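**Student:** Dropping the structure in here first, questions after.
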Protein chains: 2
Amino acid sequence: MKQYKILLEEQEIPTHWYNIVADMANKPLPPLHPGTKEPIGPDALAPLFPMELIKQEVTADKWVEIPEQVREVYKLWRPTPMYRAWRLEAALDTPAKIYYKYEGVSPSGSHKPNTAVPQAWYNKEEGVKRITTETGAGQWGSALSFACNLFGIECEVYMVKISYQQKPYRKVLMNTWGAKVYASPTDLTEAGRKILAENPDSPGSLGIAISEAVEKAATDPNTKYALGSVLNHVLMHQTVIGQEAIKQMEKAGDLPDIVVAPFGGGSNFAGISFPFLRLNLEEGKNIRCIASEPASCPKLTKGVFRYDFGDTVGMTPLLPMYTLGHNFVPAPIHAGGLRYHGAGVIVSQLLKDKLIEARAHDQLECFEAGLTFAKAEGIVPAPETTHAIATAIQEANKCKEEGTAKTILIHLCGHGYFDLAAYENYLSGNMKRHELTDEEIQHAIARIDTPEI
Amino acid sequence: MKQYKILLEEQEIPTHWYNIVADMANKPLPPLHPGTKEPIGPDALAPLFPMELIKQEVTADKWVEIPEQVREVYKLWRPTPMYRAWRLEAALDTPAKIYYKYEGVSPSGSHKPNTAVPQAWYNKEEGVKRITTETGAGQWGSALSFACNLFGIECEVYMVKISYQQKPYRKVLMNTWGAKVYASPTDLTEAGRKILAENPDSPGSLGIAISEAVEKAATDPNTKYALGSVLNHVLMHQTVIGQEAIKQMEKAGDLPDIVVAPFGGGSNFAGISFPFLRLNLEEGKNIRCIASEPASCPKLTKGVFRYDFGDTVGMTPLLPMYTLGHNFVPAPIHAGGLRYHGAGVIVSQLLKDKLIEARAHDQLECFEAGLTFAKAEGIVPAPETTHAIATAIQEANKCKEEGTAKTILIHLCGHGYFDLAAYENYLSGNMKRHELTDEEIQHAIARIDTPEI
């Protein structure tokens, strides 16, 4: 009899996060001060983050224990289910075995609470009253709203204006959990006012919203800042996903040949792939991990590896990353969570060292893949998530051509039930391609004014 | 260590549906022909339903086997999780033990696919090409769209116009699974044209939409009709919920004193409560089962028990039910799925025989309960579902007053992620009370022109 779901018990929630830096031969380069361009130490982050998270950001420890209070909250939705995608395999008529790990069962509908909860917890422990953040598609903002509510911390979200307009219900969800939400750029910060002076109709971007949230935290002693991706500690918190997935694949008596995940700043990709990369590094396994990004924002496949700011205005430290430039404003594709100019430091180093792969897809191809998935498996995936499905379908089709039966694991990092306006756009035939031309990419890269590596 | 989730394996999905009629001392009265007012046999239903479902509608068998193909589809989301609501208990500071069975994990986000899948399956088996149906909030329409897509059947949904306008994304969800959706009343049917002639601005109602869907099926030999609640076979399909819940309560080493579920036509209430009522009837247990209905549509608490039509126009057989009259048009509350004038036949008989209880709540009280739940447990419940939570909170508060530690099981039959406009309405302070006055109820009942019992 076919088994569809591979489940774990609550006791099997991981007890530690996995820090891949400990296993990397080439360690990531240090961040630089935005003004002096000199390497900075952990203290430089103190205005923005609680000390425990700064420690995690720079730790060399391979395993970091998950606090009991965080594990208690994880139990509201973890361990998440893994599925064998029998119906998708049949729809594709492929010999490939396809699995997916589904993070959409969390209260906010994505993997983001995995880091929102510990971030809120450490802030609470250190007496912080208010956390600011940015959000694009709204997945991170809702996750942090959910987490702050549980620990009684105020939450203030700067939401990219185009997403604020396209996804009004994401805002309501954040309000339901008690958060304040602003459409960014706002006139509440210097950074926002500067952007609005240049372009009053700015649709906003993650980079701009980060500038606003960071400024608010840096100028208010009771307020700290939280980031939903890119940083080392954020990626590390997500490794609960891959650790569970390894146990689930073991239960299924299988091991993936290929792990695919969508790529925005790196958190969901890291979450599922780093524990599998550990098997490559430690045990000599040869699991291919592929990051799927939008063709309209192809920093991994077409960007350059150099120091760049995490935000648009240039307030954050300079980070060594694959980037299209902090001034690059991606086209308003529906996968708002992937509209970010740069890639997290660890993932960038892994890509440079060819330990992972990357692939870009246009949104039309992604929504076609999303619809195929929804019709086969029932679940409607988030626009971000469809990128991984597009890659998986390519690989499954290749298996069919070659007559090989590879095992493919998809990170189904979120559902699309807040994103149905995007599906409407696709179904109505009005969705546009947003693939960047080589000229546009060269133009973006030529504008970058930050230090080369 | 606290356990939150009580999970079952796929092999524990029930193999049979439970037919409570077999255990009832007072059997439900027969349906009557809408014209002759004489009792009708199964054949009268043949234009609308496949024969296997008609057999299930009238069967005296206590257990009906679930086809293997239906159980295979159930595995996409069943068994559903049960949770111990530790955080809600703490928020209410109650000695009560609160559990909830969560059906929102289904692809369409509610319990409705439990019957949509077998209905689509039996239609497919009997060669039906197209199924029509009505939907209010959209939960049933999306469930049937999902199910029809899996078996390659066309699906045509008449959606109550006010919901169509309030919940555009529900329509997109149905389109995503390939269904056609019309705002009812339409000019595609006699029934719809009649209503529009009387009131061109009619907001529609479930009763009107049923008239339209039934007419379409009755006048097209390739088309059958499917109902998402009220009928015996529909209620029976939902008993997988309660059967799983009993196993899960056993695993938790507990048994509920009180089971609460929202009430529209009866399907989700029946789904969770009938298997527990079996324990009352067979083993002399004393589990109280409470149906929670809107104060704006209080057929169980304020209606009359008599024969009435299932639809507004009067095309369906006359059914013995608690009703406010088939002409009653409920206020446009956000819990669209509970805006129905009558109660299913079996549930009506059980209420008449005092084997179950009923309670009404205004929507303001319900949304307050929903918000309390969302803040404590994370999950944002559907507006329909908040009615059960309102009852559960009353009972938990009573436990606190009395110092008793009763066990309360809530049927969390769906999530509210498609209903955030309703939460926005509540959070903004603009939501209105819609409690019916005694005069309005007497007026509605005085208008009923169908046979008394």
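**Student:** Defining a contact as two alpha carbons under 8 Å apart and six or more residues distant in sequence, what relative contact order in percent does chain A show? Display every interim value, and only then the final one.
**Tutor:** Values: 1012 pairs, mean separation 86.2, N = 453.
Reported relative contact order: 19 percent.
**Student:** Right, something else. Dipole of segment A:157-265, Cα-centred, from +1 at each Lys and Arg C-beta and -1 at each Asp and Glu C-beta, to the nearest 20 debye? Walk me through the numbers before you get to the answer.
**Tutor:** Working: 11 positive and 11 negative charges, 72 e Å.
Magnitude of the dipole: close to 340 debye.
**Student:** Please go through segment A:1-75 and write out the GluC sites (Glu not before Pro) that DSSP classes as loop and that have at most 14 other C-beta atoms within 10 Å.
**Tutor:** A:E9
**Student:** Considering only B:A209, B:V58, B:P294, whose Cα is most displaced toward the positive end of the charge dipole of chain B, charges sitting on Cβ of Lys, Arg (+1) and Asp, Glu (-1)?
**Tutor:** Checking the options against the dipole of chain B, the answer is B:P294.
**Student:** Quickly rank B:399-412, A:109-122, A:297-310, A:258-271 as a protection proxy: mean count of other C-beta atoms within 10 Å, highest first. Mind showing how you got there, number by number?
**Tutor:** Numbers: B:399-412: 19.5, A:109-122: 28.8, A:297-310: 23.3, A:258-271: 30.6.
Per-residue Cβ counts within 10 Å, averaged per peptide and sorted highest first, yield A:258-271, A:109-122, A:297-310, B:399-412.
**Student:** Compute the distance from the alpha-carbon center of segment B:243-279 to that of segment B:359-424, in whole Å.
**Tutor:** Here the answer is 16 Å between Cα centres.
**Student:** Let me ask something else. Please determine, in degrees from 0 to 90 and to the nearest 10, the orientation of helix B:113-125 with respect to the longest principal axis defined by the Cα atoms of chain B, where the helix direction is its Cα long axis.
**Tutor:** 40 degrees
**Student:** Using a 7 Å offset from the Cα along the Cα-to-Cβ direction at both A:A25 and B:E38, what is the distance between the two label points in nm, to one decimal?
**Tutor:** If labels sit at A:A25 and B:E38, their model points lie 9.0 nm apart.
**Student:** Ok, one more. Roughly how many Å is it from the Cα centre of segment B:145-188 to that of segment A:54-79, as a whole number?
**Tutor:** 43 Å
**Student:** Now for a separate question. Within chain B, what percent of beta bridges assigned by DSSP are antiparallel, to the nearest 5?
**Tutor:** Details: 19 of 52 bridges.
Around 35 percent of the beta bridges assigned by DSSP in chain B are antiparallel ones.
**Student:** So, for the protein assembly as shown, what is the accessible surface per residue at a probe of 1.4 Å, expressed in square angstrom? Please list the in-between numbers first.
**Tutor:** Details: 29480 Å² over 906 residues.
Computed with neighbouring chains in place, this is 33 Å² per residue.
**Student:** Nearest 20 debye, what's the magnitude of the dipole of the protein assembly as shown about its Cα centre given +1 on Lys and Arg Cβ and -1 on Asp and Glu Cβ?
**Tutor:** Result for the protein assembly as shown is approximately 300 debye, rounded to the nearest 20.
**Student:** Mind running the shape call on the protein assembly as shown? Use the C-alpha gyration tensor, a ≥ b ≥ c as the square roots of the eigenvalues: rounded below 1.5 for a/c, prolate if a/b tops b/c, oblate otherwise. Display every interim value, and only then the final one.
**Tutor:** Values: a/c = 1.83, a/b = 1.75, b/c = 1.04.
Verdict is prolate for the protein assembly as shown.
**Student:** Shifting gears a bit: Give me the summed buried accessible area for the A-B pair, 1.4 Å probe, to the nearest 100 Å². Let's see the in-between values first.
**Tutor:** Working: alone 16930 and 16920 Å², together 29480 Å².
So the total buried area for this chain pair works out to about 4400 Å².
**Student:** With r as the distance between the Cβ atoms of A:D93 and B:L427 and R0 = 45 Å, compute the FRET efficiency 1/(1 + (r/R0)^6) and round to 0.05. Show your work: numbers first, answer last.
**Tutor:** Working: r = 48 Å, r/R0 = 1.07.
Computed FRET efficiency for B:L427 and A:D93: 0.40.
**Student:** Full-extension gain between A:Q69 and A:K354, please, as 0.36 nm times their residue separation minus the C-alpha to C-alpha distance. Spell out each step's value before the answer.
**Tutor:** Values: separation 285, 0.36 × 285 = 102.60 nm, distance 3.74 nm.
Taking 0.36 nm per residue and subtracting the Cα distance, the gain is 98.9 nm.
**Student:** What are the ³J(HN,Hα) couplings of segment B:56-62, residue after residue, when phi is run through the Karplus curve with 6.51, -1.76, 1.60 and θ = phi - 60°? Round to Hz, x for glycine and proline.
**Tutor:** Per residue, the Karplus-derived 3J(HN,Hα) values read 5, 4, 10, 5, 9, 5, 6 Hz.
**Student:** Quick one: angle between helix B:267-283 and the longest Cα principal axis of chain B, in degrees between 0 and 90, rounded to 10, please.
**Tutor:** Once rounded, one gets 60 degrees.
**Student:** Something else now. Let me have the 222 nm mean residue ellipticity of the protein assembly as shown computed from DSSP H runs of 4+ only, each contributing -39500 (n - 2.57), with the sum over all residues rounded to the nearest 500. Write out the running numbers ahead of the final one.
**Tutor:** Working: 36 runs with 370 residues, N = 906.
Per the formula, -12000 deg cm²/dmol.
**Student:** Sticking with this structure for a sec: Across the residues of B:366-376, average count of Cβ atoms on other protein chains within 10 Å? Intermediate results must be reported in sequence, preceding the final value.
**Tutor:** Numbers: counts 0, 0, 0, 0, 1, 3, 0, 0, 7, 6, 3.
Other-chain Cβ atoms within 10 Å of each residue's Cβ, averaged: 2.
**Student:** Dipole size in debye (nearest 20) for chain B around its Cα centre, Lys and Arg Cβ +1, Asp and Glu Cβ -1? Provide the component values of the computation, followed by the final result.
**Tutor:** Numbers: 45 positive and 54 negative charges, 129 e Å.
With Lys and Arg at +1 and Asp and Glu at -1, about 620 debye.
**Student:** Given contacts defined as C-alpha pairs under 8 Å and at least six residues apart, what's the relative contact order of segment A:254-300, whole-number percent?
**Tutor:** Working: 45 pairs, mean separation 21.5, N = 47.
46 percent.
**Student:** Right, here's the next one. For peptide A:424-432, how many partner chain Cβ atoms fall within 10 Å of a residue's Cβ, on average?
**Tutor:** Values: counts 7, 1, 2, 4, 2, 0, 0, 0, 0.
Mean partner shielding for this stretch: 2.
**Student:** Still on this model: With N residues in segment A:151-302, what two-decimal value do you get for its Cα radius of gyration over 2.2 N^0.38 Å?
**Tutor:** On the way: Rg = 19.1 Å, N = 152, 2.2 N^0.38 = 14.8 Å.
For segment A:151-302, the normalised Cα radius of gyration comes out at 1.29.
**Student:** At R0 = 45 Å, how high is the FRET efficiency between A:H16 and A:D187 if r is their beta carbon distance? Nearest 0.05 is fine. Mind showing how you got there, number by number?
**Tutor:** Working: r = 44 Å, r/R0 = 0.98.
It comes to 0.55.
**Student:** Averaged over its residues, how many other protein chain Cβ atoms are within 10 Å of peptide A:70-76's Cβ atoms? Present the calculation step by step, with values, prior to reporting the outcome.
**Tutor:** Numbers: counts 0, 1, 5, 3, 1, 8, 9.
Taking all residues of A:70-76 together, the mean is 4.
**Student:** Just want the answer: with Cβ charges of +1 for Lys and Arg and -1 for Asp and Glu, which residue in A:A25, A:P79, A:P200 is farthest toward the dipole's positive end in chain A?
**Tutor:** So the residue furthest toward the plus end is A:P79.
**Student:** Looking only at Cβ-Cβ distances, which cysteines of the protein assembly as shown have no other cysteine closer than 4.7 Å?
**Tutor:** Cys with no partner Cβ under 4.7 Å: A:C289, A:C297, A:C366, A:C399, A:C413, B:C289, B:C297, B:C366, B:C399, B:C413.
**Student:** I would also like to ask the following. Which angle from 0 to 90°, rounded to the nearest 10, does the C-alpha axis of helix B:139-151 make with the longest principal axis of chain B?
**Tutor:** Taking the Cα atoms of chain B, the angle to B:139-151 is about 70 degrees.
**Student:** Here is a further query. Using the Cα gyration tensor of segment A:88-196, with a ≥ b ≥ c the square roots of its eigenvalues, what is the shape: rounded (a/c below 1.5), prolate (a/b larger than b/c) or oblate (neither)? The partial results should precede the final answer.
**Tutor:** On the way: a/c = 2.75, a/b = 1.56, b/c = 1.76.
Since a/c reaches 1.5 but b/c is at least a/b, the shape of segment A:88-196 is classed as oblate.
**Student:** Same structure again: For the protein assembly as shown, what is the percent of antiparallel DSSP beta bridges, rounded to the nearest 5? Let's see the in-between values first.
**Tutor:** Working: 38 of 104 bridges.
The antiparallel proportion sits near 35 percent.
**Student:** Would you mind telling me the antiparallel percentage of the DSSP bridges in segment B:232-369, rounded to 5? Could the numbers behind the result be given before it?
**Tutor:** Working: 7 of 17 bridges.
Roughly 40 percent of the DSSP beta bridges within segment B:232-369 come out antiparallel.
**Student:** Taking R0 as 51 Å, what FRET efficiency do you get between A:L255 and A:D438 from their Cβ-Cβ distance, rounded to the nearest 0.05?
**Tutor:** Values: r = 38 Å, r/R0 = 0.75.
Working from the Cβ atoms, E equals 0.85.
**Student:** How would you classify segment A:297-374 from its alpha-carbon gyration tensor, with a ≥ b ≥ c the square roots of the eigenvalues: rounded for a/c under 1.5, else prolate if a/b is greater than b/c, otherwise oblate? Numbers along the way, then the final one.
**Tutor:** Values: a/c = 2.72, a/b = 1.49, b/c = 1.82.
In terms of gyration-tensor shape, oblate.
**Student:** Additional query: Whenever you get a sec, compute what percent of the accessible area on the protein assembly as shown sits on carbon and sulfur atoms (1.4 Å probe).
**Tutor:** On the way: 14540 of 29480 Å².
The C+S portion of the solvent-accessible surface of the protein assembly as shown is 49 percent.
**Student:** Quick one: of A:K5/A:K247; A:K62/A:K285; A:K2/B:K62; B:K180/B:K432; A:K375/A:K400, which pairs are farther than 22 Å apart, Cα to Cα?
**Tutor:** A:K2/B:K62; B:K180/B:K432, as the Cα separations exceed 22 Å there.
**Student:** Using a label point 7 Å beyond Cα on the Cα-Cβ vector, give me the inter-copy distances for B:M1 in nanometres, one decimal, shortest first.
**Tutor:** Result for B:M1, in nm, nearest copy first: 2.9.
The values are calculated or read from the model by the stated rules, or taken from the named source; none is laboratory data. From a predicted model like this one, the values you see are computed outputs, not experimental measurements. Cβ coordinates were reconstructed from backbone atoms using ideal geometry, including for glycine residues, and neighbour counts include every protein chain displayed. Just the protein is used for accessible areas: all its heavy atoms, side chains included, with ligands, DNA and RNA removed. Shrake-Rupley method; radii C 1.70, N 1.55, O 1.52, S 1.80 Å.
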